[in-house]
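Trainee: Mind having a look at this structure? Questions to follow.
The values are calculated or read from the model by the stated rules, or taken from the named source; none is laboratory data. Keep in mind that what you see is a predicted model, and the values were worked out from it rather than measured. Backbone-built Cβ (ideal geometry, glycine too); neighbour counts: all protein chains shown. These accessible areas exclude ligands, DNA and RNA; they are computed on the full protein's heavy atoms, side chains included. Shrake-Rupley method; radii C 1.70, N 1.55, O 1.52, S 1.80 Å.
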Amino acid sequence: MEIIKVENLDHIYKTVTGEKVALDDVSLKISDGEFVAIIGTNGSGKSTLAKHFNALLQPTSGKVFVENLDTADEKNLWQIRSKVGMVFQNPDNEIVAAIVEDDIAFGPENLGIESAEIRRRVDLALDTVGMIDYKKFSPSKLSGGQKQRIAIAGAIAMKTKIIVFDEPTAMLDPQGRREVLNTVKKLHSQGLTVIYITHFMEEAAAAEKIFVMERGKILKVGTPREIFSDAKEIKRLGLDVPAPVELADRLRSKGYKLPKNILTADELAVELKKIF
Ligand code: ADP
Ligand code: MG
């Protein structure tokens, strides 16, 4: 069943200098429980699209539905926001409280949920992101990856069904990136719908489906294997391919007989063992 449906969505920003078409006739569907990645160069419209998923923006034309709720209908706003959580690039902009547990309790408190239930939700959310031991910590003492996991826990405590991540690892070191991606994979395995914007192609390769954006349009949709099998096309767009795909490509051009559809380091290792 589809949980998000976008139909012929245009988004035009009005600026002092004129109009900027950020989304141009975007249509897509995302299924309940799906893990999708959105990739595309800077300015291709990824963040604008993300903000339509929880009605932070309104369509200039076209429609966006979240579980059949029209995001253009003001009556649906509260319900849509309670279904769709957002995690942005900079966790420092999202963490509001001086103690981790208070920060996670903040959202549910605003919903008027009773305190015993809030405590249960805080513990469950912290446990899910592997941060239960940091409940009483000050967020300022945490690493970037830990802070981002606290931001994710905030969304989990709201019991959202969908979490939209807009380049959540862009400011993190490799360790922090791994922590966040592992958390995202876990949420997906627990049934959450994940929409994950990234410019790290290894992260996009972890999704079930990739949308490739260019100049406000969805240029391609496919599994990671389908999308990255055409390395030249992806590079033409100014994007990278995952390192194992790149390495396999170079080895092939040096005459090594490797199959076309290698995506992961493990797959590359298996194929190389057959050769050497
Ligand atoms: P991405 O996230 O892929 O980098 P964005 O959705 O942020 O792309 O931006 C798409 C286009 O819209 C870009 O050309 C950007 O400059 C423009 N844009 C984004 N936000 C605004 C805004 N608030 N006002 C005017 N133009 C904007
Ligand atoms: Mg962006």
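Trainee: One-quarter of the Cα convex hull surface for the chain, in nm²? Walk me through the numbers before you get to the answer.
Mentor: Working: hull surface 67.1 nm².
If I average the Cα hull's projected area over directions, I get 16.8 nm².
Trainee: Of the DSSP beta bridges with both residues in the chain, give the percent that are antiparallel, rounding to the nearest 5.
Mentor: Numbers: 22 of 40 bridges.
Antiparallel: roughly 55 percent of the beta bridges in the chain.
Trainee: Semi-axes, largest first, in whole Å: what does sqrt of 5 times each Cα gyration tensor eigenvalue give for the stretch 224-276? Spell out each step's value before the answer.
Mentor: On the way: eigenvalues 78, 26, 13 Å².
Over the Cα atoms of the stretch 224-276, the semi-axes work out to 20, 11, 8 Å.
Trainee: How large is the dipole of the chain about the Cα centre if only Lys and Arg carry +1 and Asp and Glu carry -1, each at its Cβ, rounded to the nearest 20 debye?
Mentor: Numbers: 39 positive and 40 negative charges, 162 e Å.
Charge dipole of the chain: 780 debye, to the nearest 20.
Trainee: Something else now. Report, in deg cm²/dmol and to the nearest 500, the calculated mean residue ellipticity at 222 nm for the chain, where each DSSP H run with n ≥ 4 adds -39500 (n - 2.57) and the sum is divided by the residue count. Could you put the intermediate results ahead of the total?
Mentor: Numbers: 11 runs with 108 residues, N = 276.
Calculated mean residue ellipticity at 222 nm is -11500 deg cm²/dmol.
Trainee: May I pose another question? I want to verify a result. In a Gaussian network model of the chain, Cα cutoff 10 Å, which of these has the top mean-square fluctuation: LYS217, LYS209, LYS29?
Mentor: Looking only at LYS217, LYS209, LYS29, the largest GNM fluctuation is found for LYS29.
Trainee: Quick one: pull the percent of accessible area on the chain belonging to carbon and sulfur, 1.4 Å probe, ligands and nucleic acids left out.
Mentor: Within the chain, the accessible surface is 51 percent carbon and sulfur.
Trainee: Say we join alpha carbon atoms closer than 10 Å with springs in a Gaussian network model of the chain; which of GLN58, GLN146, GLN190 then has the biggest fluctuation?
Mentor: Of the options given, GLN190 has the highest mean-square fluctuation.
Trainee: By per-residue mean of other Cβ atoms within 10 Å, what is the highest-first order of 64-75, 98-109, 253-264? It would help to have the intermediate numbers written out before the result.
Mentor: Details: 64-75: 16.1, 98-109: 19.7, 253-264: 12.8.
So the peptides 64-75, 98-109, 253-264, ranked by packing, come out 98-109, 64-75, 253-264.
Trainee: Another question about this same structure. Determine the per residue accessible area of the chain with all protein chains present and a 1.4 angstrom probe, expressed in square angstrom.
Mentor: On the way: 13660 Å² over 276 residues.
Computed with neighbouring chains in place, this is 50 Å² per residue.
Trainee: Full-extension gain between ILE99 and LEU124, please, as 0.36 nm times their residue separation minus the C-alpha to C-alpha distance.
Mentor: Values: separation 25, 0.36 × 25 = 9.00 nm, distance 1.66 nm.
Length gained, ILE99 through LEU124: 7.3 nm.
Trainee: Accessible area of HIS188, 1.4 Å probe, to the nearest 10 Å²?
Mentor: Around 40 Å² of this residue is reachable by solvent.
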